[in-house]
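One structure is given here, and the rest of the page talks about it.
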Amino acid sequence: MNRKTFIRGIGLGTLGAFASSRVGSATTMPADAADAALPDYSAANDAAFWNAVRGQYVLEPDLHYMNTGGLGPAAKPVLKVFADAVHHNQTISEHDHHAFEGAREVTAGFFGAEASEICFTRNATEGNSIIAGGLTLAEGDEVIFESHAHPGGSGPWYNQANRRGVVVKLFEPDSKSVAANLANIRALITPRTKVIQISHVTAPTGILLPAAEIAKLAHAHGIWFHVDGAQSAGMFPFTMAEIGCDSYATSGHKWMGAPHETGILFIRKDRNDEVIPISAGSYTGRIPMNKDNRLVADGAMAYANNASRHEYGTRNAASILGVAAAIKFHDKVGRKRIAAHGRALSTQLRQGLQQIPSIEVLTPEPPEMCASIMGFRTSRIDYNDLLGVLAREHRFRLRPVSEQGLDSVRVSTHLFNSAQECELLLAAINDTVRKA
Ligand SMILES: Cc1ncc(COP(=O)(O)O)c(C=O)c1O
C-alpha cells in the first residue's frame, strides 16, 4: 500500500473531505531556509565565513556553547520557518499534517534514503523505543549494545527486558582499535542474539564506532542491526547504505540544529514489515471498517507499508518543517565543511589538552574513531568543580560525564564554534588545573 492508497483506504475520513473543506491554505514547504546571508567560502576567508555562520544563531554573544551533544541550537532561518509555521497554522487553526510529506522528501535526501523509509519522531529515544518495542522478540532473545549507551539507547531495551524477558548483553567500547570493537561484539553473539545496537558515536567520550563493519557482522548472523545516531546525524555526512543498518534513530535537536522535540527514524524498506507499531491511530494504517465507515469488531488492522506507520495522532507540523529547514541550512553551509570544521576544532582541543599537566584525553585518537566530540579528565580537580569554574568565570557550556564512572568533561565542537573559542577554553582549563 503506498501512501496515497493508504490515505484513501484509511477511512479517516475525514482526511479527504476535511482537506477540501478547509478555509485557509496550509503551510507548504517553507520559503527557502537556506536564505541565510553567508559569504562564499574560501580558505582565505575561513575565519570570516565561520564568524558569519555564528551570526546566524541567537546564542548570547558571550556564551561559548559547546554542548551540541546535549542539545543543538537552531539557526535563525530555521527558527523563522518554525515560528512562521506555528503562527500560520494558528491563524487558520489547522495542523497541516500534509507538510510532513515535503519535509520527508528533504529528510530522505539527507540520509540517502527513500521517503517511505523515514518516520518523524519526537526524539531519538522514541525512535530507539519503536525498534525495541516493535520487533518480534521472545523471552530469552538477546540484544547486544555498548556499556556507554545513553539512557535513550539503553532504556528502550531494559524496558523490553522488563516487559518481555529480552536479555541485555553489554560490550565495552574500545578506544584503541576498530578490530577490538568488532571482536568485543563478536564474542557476545549466540544463536539467541536477535539485535545488535550501537551508538554511531558514543555519547560519553565520542567514540565513532565502525557501523559498516558491524552491519556486516550482524547480517552474517541474521541479526537486526540498529544504530542510535543521536550523536552522528548533522555531525558528519553519511548515507544509510554506507552504514548498512536495518534501522537508524536520531534526534533533530542536536547536531542537525532542528527545533526541540524532533527526531527521525529510518527503517529499511525491505524490513519495514518486521517492526510492528507500538502506538497506533491516525496515520498508522487501515482501521477495520465496513463499507459504511463503521468500525467492525472482528477485523484486523492493516499497517501502512512505510516507516510513517509509526507516526500517529496530531503533531506540530512546524517542527517537521523545521527539520527540513535545518537540513537546507546545513546544505547551504556545506555538510562536509561542517564535519571538517568540527573535527579540526576537536583536534585543536586534543593537541592543546595534551600539553596541560594531569589531563587525560579519553576520546580515541585514530581519525576513523573520532569526530567532533572531545572527552577528557584530570586528577587535579573534580570534573564538576572544573565545569563550574569554566561556566561561571568563562561562560563555557560543556557537559559533565558521570556515566560509567568516567567522571570527565565532554566538549562538542560544531559549526557555530571557532578556533578562537577553543584557544580560550584551553587557556581557561590550563589556568584552572594549574591553580587546583
Ligand atoms: C547516543 C544517544 N542516544 C539517545 C539520546 C537521547 O536523545 P533524545 O533526547 O533525542 O531522545 C542521546 C542524548 O544525548 C544520545 O547521546
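The table for this structure:
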{"quantity": "Options 291, 269: the member that is of a type in the set (D, E, K, R), without any contact (Cβ under 8 Å) to a residue 40 or more places away in the chain and surrounded by fewer than 20 Cβ atoms within 10 Å (Cβ to Cβ)", "calculated": "291"}
{"quantity": "Pairs, first of a type in the set (Lys, Arg) in region 201-229, second within 11 Å of the ligand (Cβ to nearest atom), C-beta under 7 Å, six or more apart", "calculated": "none"}
{"quantity": "Qualifying residue in region 185-192 (condition: within 16 Å of the ligand (Cβ to nearest atom) and either among the polar types (S, T, N, Q) or at pLDDT 95 or above (or both))", "calculated": "no"}
{"quantity": "Residue tally, condition at positive phi and either within 13 Å of the ligand (Cβ to nearest atom) or among the aromatic types (Phe, Trp, Tyr) (or both), over region 193-235", "calculated": "2"}
{"quantity": "Residue 349, sole failed condition from (1) hydrophobic (A, V, I, L, M, F, W, C); (2) in a helix (DSSP H, G or I); (3) farther than 24 Å from residue 210 by Cα", "calculated": "(3)"}
{"quantity": "Pair list, Cβ < 8 Å and 6+ apart or interchain, from region 240-252 residues that are in a helix (DSSP H, G or I) to residues that are within 15 Å of the ligand (Cβ to nearest atom) and not aromatic (Phe, Trp, Tyr)", "calculated": "243/200; 243/211; 243/227"}
{"quantity": "Residues satisfying the stated conditions in region 107-116, i.e. surrounded by fewer than 22 Cβ atoms within 10 Å (Cβ to Cβ) and either aromatic (Phe, Trp, Tyr) or more than 16 Å from the chain's Cα centre (by Cα) (or both)", "calculated": "114, 115, 116"}
{"quantity": "Candidate set from region 137-156 (those that are in contact with a helix residue (DSSP H, G or I) (Cβ under 7 Å, 6 or more places away or on another chain) and more than 16 Å from the ligand (Cβ to nearest atom)); member that is farthest from residue 253 (Cα to Cα)", "calculated": "139"}
{"quantity": "Residues of region 353-386 classified as of a type in the set (A, V, I, L, M, F, W, C), surrounded by 23 or more Cβ atoms within 10 Å (Cβ to Cβ) and in a strand (DSSP E or B), total", "calculated": "3"}
{"quantity": "Any chance residue 127 is within 16 Å of the ligand (Cβ to nearest atom), modelled with pLDDT of 95 or more and under 17 Å from the mean Cα position of the chain (by Cα)", "calculated": "yes"}
{"quantity": "Of all residues making up region 136-168, the number that are out of contact with any Pro (no Cβ under 8 Å at 6 or more places or on another chain) and in a strand (DSSP E or B)", "calculated": "6"}
{"quantity": "Residue under evaluation residue 416, criteria (1) part of a strand (DSSP E or B); (2) within 20 Å of residue 63 (Cα to Cα), criterion not met", "calculated": "(1)"}
{"quantity": "Selected residue (only one of 391, 371 is within 16 Å of residue 64 (Cβ to Cβ) and small (Gly, Ala, Ser))", "calculated": "391"}
{"quantity": "Output for region 69-102, where each listed residue is in contact with a Leu (Cβ under 6 Å, 6 or more places away or on another chain) and assigned to a helix (DSSP H, G or I)", "calculated": "81, 85, 99"}
{"quantity": "Failed item, numbered, when residue 119 is tested on (1) hydrophobic (A, V, I, L, M, F, W, C); (2) within 16 Å of the ligand (Cβ to nearest atom); (3) surrounded by fewer than 20 Cβ atoms within 10 Å (Cβ to Cβ)", "calculated": "(3)"}
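A quick yes/no check of all residues on (1) farther than 27 Å from residue 415 by Cα; (2) in contact with a helix residue (DSSP H, G or I) (Cβ under 6 Å, 6 or more places away or on another chain):
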{"residue": "215", "(1), (2)": "yes, no"}
{"residue": "229", "(1), (2)": "no, no"}
{"residue": "233", "(1), (2)": "no, no"}
{"residue": "236", "(1), (2)": "no, yes"}
{"residue": "239", "(1), (2)": "no, no"}
{"residue": "263", "(1), (2)": "no, yes"}
{"residue": "270", "(1), (2)": "yes, no"}
{"residue": "276", "(1), (2)": "yes, yes"}
{"residue": "282", "(1), (2)": "yes, no"}
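So that you can scan it fast, the table gives a plain yes or no per residue for (1) over 22 Å from the mean Cα position of the chain (by Cα); (2) closer than 21 Å to residue 215 by Cβ:
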| residue | (1), (2) |
| --- | --- |
| 151 | no, no |
| 162 | yes, no |
| 174 | yes, yes |
| 179 | yes, yes |
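The values are calculated or read from the model by the stated rules, or taken from the named source; none is laboratory data. Owing to the predicted nature of the structure, the values given are computational and were not obtained by experimental measurement. Neighbour counts are summed over all protein chains in view; Cβ atoms, including those assigned to glycine, are modelled from backbone coordinates with ideal geometry.
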